[in-house]
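J.: Below is the structure I would like to discuss, written out as structure tokens.
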Amino acid sequence: MPRIIEEAVSLFLSVDQQVKDAHRGRRYNPPVMNSQLDIRHDQSLRALNTFGIDAKASAYLQVCGVEHLRAVRDDPALSSLRRLVLGGGSNLLLTRDFDGLVLHMSNKGIVVSGDDERSVYVTAQAGESWHDFVQWTLAQGYPGLENLSLIPGSVGASPIQNIGAYGTELEEYFHSLKAFDFQTGDVIELSRADCCFAYRDSIFKHELSERAVILEVTFALPKRWQPNLRYAELATELEARAISQPTAKDISEAVIAIRSRKLPDPTKIGNAGSFFKNPAVSRERYEQLLIEHPQLVSYPQTDGSVKLAAGWLIDQCGWKGKSLGPAGVHDKQALVLVNLGEATGSQLMKLASRIQEDVKERFDVVLEPEPIVI
Ligand code: EPU
């Protein structure tokens, strides 16, 4: 065995012994593989994923800045481990313990980083909570992100799946981001075009998935703002509140009210928001489906395809409010799977597969999961 691996193994074994000693009540010295880094072993991830799944990471590091990532890359024992970058853990389903290093992005800070005729530029560190960041921008009087209020998760995770809700997608206000490139050790800057944004998709799910760790994101918030009320339910909510000329804050409050009615609060019921993406089908396929299912809920896309409301498809298959043991389907929005108690990731996956099979059989449509499954 090469010496470097032997050293890592013996260090790991001594760390493992310390953890066992700690469980027996002896004095516990936190294991440190690299003198600069507080690596924790056998770390529970239960509080770090919004499904509340009880899984562990063999190694865990709270990342407070790029120096921590550099130190991981420079340490042969750490850099050879599998990595999982964790933000708010709101788009993740853990089906087993993670044998590798969890990098929990915890760097904080929000600044106004620029200003020109059209926009105010605001830069937030990856570890900021997304919703707190949106509320901060609104409190400063910078509109733009209000339709994205109350989305769980962190700023650093937001570009990965190009978060979207109530007629707005992140890419509309995204300006650029900085990321640490594990391959080269450099901090790289990516523009909107570089990120290849699409529906719940970006380069960070593809070419850069194993490579880049997002450090900070800059948004260009418009100086001349127009409310975005394209989403019918949002317009109806504002009408019900007798608001005809809404401010960004009014829209944020309306979005928070709608989300709170339909989506379970992850601090109370474990969930990861929509479990499936809304599937896109060709116009021909859509027209065939419409003959058989005239109530089909759909959204025409600019490329000619038609997106179907996955929640409606699942609801039609009778899954809303149903469960398989502790893995359930939310009773107010069939697109959301919930942990009703002590569900394991595998139980949730089993439920997801059953739903996929039923939707395939009834509509011949394939549903694709939205969260990252480990
Ligand atoms: N519907 C049903 N039954 C259900 C759920 C939905 O019939 O149980 C039908 C309703 O007719 C409803 C339509 O489906 O009008 C669409 O439902 P909804 O407005 O709740 O939106 P969605 O397409 O289910 C998407 C996003 C949500 C986002 C909302 C609002 C995806 C995968 N999901 O859901 O995002 O909040 O639109 O913009 O695109 C998330 O990604 O985690 C998420 C919550």
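The values are calculated or read from the model by the stated rules, or taken from the named source; none is laboratory data. The structure presented is a predicted model; accordingly, all values stated were derived computationally and were not measured. Every residue, glycine among them, receives a Cβ derived from its backbone with ideal geometry; neighbour counts consider all protein chains shown. For accessibility, only protein heavy atoms count, side chains too; no ligands or nucleic acids. Shrake-Rupley method; radii C 1.70, N 1.55, O 1.52, S 1.80 Å.
J.: Given S323, F51, I151, which one lies farthest toward the positive end of the charge dipole of the chain, if we put +1 on the Cβ of every Lys and Arg and -1 on the Cβ of every Asp and Glu?
T.: Value computed over the given set: S323.
J.: Please report, in Å, the Rg and the Dmax of the chain, where both are computed over Cα atoms only.
T.: Considering the chain through its Cα atoms, Rg and Dmax are 22.3, 73 Å.
J.: So what is the relative contact order for the chain, in percent, with contacts set as C-alpha pairs under 8 Å and at least six apart?
T.: Numbers: 720 pairs, mean separation 53.4, N = 374.
Computed value for the chain: 14 percent relative contact order.
J.: Here's another thing I want to ask about it. Stretch S191-V366 to full length: gain in nm at 0.36 nm per residue minus the Cα-Cα span?
T.: Working: separation 175, 0.36 × 175 = 63.00 nm, distance 3.23 nm.
Fully extending the segment from S191 to V366 adds 59.8 nm.
J.: Based on alpha-carbon atoms only, what is the radius of gyration of region 119-192 relative to the globular estimate 2.2 N^0.38 Å? Spell out each step's value before the answer.
T.: Working: Rg = 12.7 Å, N = 74, 2.2 N^0.38 = 11.3 Å.
So the Cα radius of gyration is 1.12 times the expected 2.2 N^0.38 Å.
J.: Which whole-number value in Å³ per residue fits the convex hull of the alpha carbons of region 110-240? Walk me through the numbers on the way to the answer.
T.: Values: hull volume 14.3 nm³, N = 131.
Convex hull volume per residue, Cα atoms: 109 Å³.
J.: Specify the longest stretch of the chain that does not include any exposed loop site, a site being one of the GluC sites (Glu not before Pro) with a non-H, G, I, E, B DSSP assignment and at most 14 other Cβ atoms within 10 Å.
T.: The longest uninterrupted stretch comes out as 211-341.
J.: Which residue fluctuates the most in the chain, going by a Gaussian network model with Cα springs under 10 Å, if the choices are T302, T95, T344?
T.: Highest fluctuation among the options: T302.
J.: Another question, if that's okay. Of the residues L229, L221, L290, which exhibits the maximal mean-square fluctuation in a Gaussian network model of the chain defined by a 10 Å Cα contact cut-off?
T.: L290
J.: Taking only the Cα atoms of region 32-105, how large is their convex hull per residue, in Å³?
T.: Numbers: hull volume 5.7 nm³, N = 74.
It is 77 Å³ per residue.
J.: What angle do you read, to the nearest 10 degrees and between 0 and 90, between the alpha-carbon axis of helix 3-23 and the longest principal axis of the chain?
T.: Approximately 80 degrees, to the nearest 10.
J.: If I build a Gaussian network model for the chain, linking alpha-carbon pairs within less than 10 angstrom, which residue out of S90, S149, S305 has the largest mean-square fluctuation?
T.: With Cα springs under 10 Å in the chain, the top fluctuation among S90, S149, S305 is at S305.
J.: I've got another one for you. Accessible area, 1.4 Å probe, largest first: how do I188, I291 sort? Mind showing how you got there, number by number?
T.: Working: I188 45, I291 140 Å².
The ordering from most to least exposed comes out as I291, I188.
J.: If you don't mind, another one. Note down the relative contact order for region 148-189 as a percent, whole number, built from C-alpha pairs under 8 angstrom at least six residues apart.
T.: 27
J.: Which of the trypsin sites (Lys or Arg not before Pro) across region 315-374 are loop residues per DSSP, with 12 or fewer other Cβ within 10 Å?
T.: Values: sites: K320, K322, K332, K350, R354, K360, R362; in loops: K320, K322, K332.
Here the sparse-neighbourhood loop sites are K332.
J.: When we measure straight from the Cα of K178, which lysines land under 30 angstrom away, once same-chain ones fewer than 8 places off are left out?
T.: K56, K108, K205, K223, K249, K277
J.: Using θ = phi - 60° and the Karplus curve 6.51 cos²θ - 1.76 cosθ + 1.60, what whole-Hz ³J(HN,Hα) does each residue of region 96-109 get, with Gly and Pro shown as x?
T.: So the Karplus estimates, Gly and Pro as x, are 6, 5, 9, 8, x, 9, 8, 9, 9, 6, 10, 6, 10, x Hz.
J.: Okay, moving on. Report D for region 263-373 in µm² per second (integer): Stokes-Einstein, Kirkwood Rh on Cα pairs, 20 °C, 1.002 mPa s. Let's see the in-between values first.
T.: Numbers: Rh = 14.4 Å.
Approximately 149 µm²/s, per Stokes-Einstein.
J.: Would you work out what percent of the accessible area of the chain, with all protein chains in place, is carbon or sulfur (probe 1.4 Å)?
T.: Carbon and sulfur atoms account for 49 percent of the accessible area of the chain.
J.: Could you tell me the calculated FRET efficiency between S260 and S79, based on Cβ-Cβ distance and R0 = 35 angstrom, to the nearest 0.05? Could the numbers behind the result be given before it?
T.: Numbers: r = 43 Å, r/R0 = 1.22.
For R0 = 35 Å, the calculated efficiency reads 0.25.
J.: Tell me the angle of helix 248-262 to the major Cα principal axis of the chain, expressed in degrees between 0 and 90 and rounded to the nearest ten.
T.: Roughly 80 degrees between the two axes.
J.: For region 32-105, what is the accessible area per residue in Å², given a 1.4 Å probe and the full set of protein chains?
T.: Details: 3030 Å² over 74 residues.
Solvent-accessible surface per residue comes out at 41 Å².
J.: Hey, another quick one. Explain nothing, just the number: relative contact order of region 110-240, from Cα pairs under 8 Å at least 6 residues apart, as a whole percent.
T.: Details: 240 pairs, mean separation 38.8, N = 131.
It comes to 30 percent, rounded to a whole number.
J.: Between the helical axis of 283-292 and the dominant principal axis of the chain, each derived from Cα atoms, what acute angle in degrees is found, rounded to the nearest 10?
T.: 70
J.: Calculated from DSSP H runs of 4 or more alone, at -39500 (n - 2.57) each and per residue, what is the 222 nm mean residue ellipticity of the chain, nearest 500?
T.: Details: 9 runs with 104 residues, N = 374.
It lands at -8500 deg cm²/dmol.
J.: Assign unit charges at the C-beta atoms only (+1 for Lys and Arg, -1 for Asp and Glu), then state the dipole size of the chain relative to its Cα centre in Debye, rounded to the nearest 20.
T.: Numbers: 40 positive and 48 negative charges, 179 e Å.
With only Lys, Arg, Asp and Glu charged at Cβ, the dipole is about 860 debye.
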